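Down below is the structure, laid out as C-alpha cells.
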Amino acid sequence: MRYMCPKCNGTDLYIEIGGIIGAVYHCKNCDYIGSFIIEAEEDMIKKLKEKNELGYESKNDS
Ligand SMILES: [Zn+2]
C-alpha cells in the first residue's frame, strides 16, 4: 500500500503534522497539501500511470 496524491497521482508524499485535524499530506510533485490522499496498491499506481501516459481512459464493457 502506497499513498498517492489525488491531484497528480504522484507517490512522492510526505506527512506534515497537522495538529488539530491530524495528518496533512504534502505532495512534492505538485505541491498539493491536504488530508485527503489515495491509498493505492503498487499495481493500481502502475495502471494509473500507464493510463496517464497514454492520455486516454480505457472503456471496459465486459
Ligand atoms: Zn501531487
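Just want to confirm a number: the relative contact order over the stretch 2-54, from Cα pairs under 8 angstrom separated by 6+ residues, in percent. Could the numbers behind the result be given before it?
Details: 78 pairs, mean separation 18.1, N = 53.
Answer for the stretch 2-54 is 34 percent.
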Quick check: residue separation of Asp43 and Val24 times 0.36 nm, minus the Cα distance between them. What number comes out in nm? 4.4 nm
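With +1 on the Cβ of every Lys and Arg and -1 on the Cβ of every Asp and Glu, and nothing else charged, how large is the dipole of the stretch 2-54 about its Cα centre, in debye rounded to the nearest 20? Can you show the working numbers first?
On the way: 7 positive and 9 negative charges, 22 e Å.
So the magnitude is around 100 debye.
Once you list every other residue whose beta carbon is under 15 Å from the beta carbon of Lys28, what net charge do they have if Lys and Arg are +1 and Asp and Glu are -1?
Numbers: positive: Arg2, Lys7; negative: Asp12, Glu16, Asp31.
For residues surrounding Lys28, the net value is -1.
Considering only the other residues whose Cβ falls under 10 Å of the Cβ of Gly10, what net charge follows from Lys and Arg at +1 and Asp and Glu at -1?
Details: positive: Lys7, Lys28, Lys49; negative: Asp12.
Local net charge: +2.
Taken together, the values in this text are just the output of simple stated rules run on the coordinates, not laboratory data. Fair warning: this is a prediction, and the values are worked out from it, not measured in the lab. As a convention, Cβ positions derive from the backbone with ideal geometry for all residues, glycine included, and neighbour counts pool all protein chains shown.
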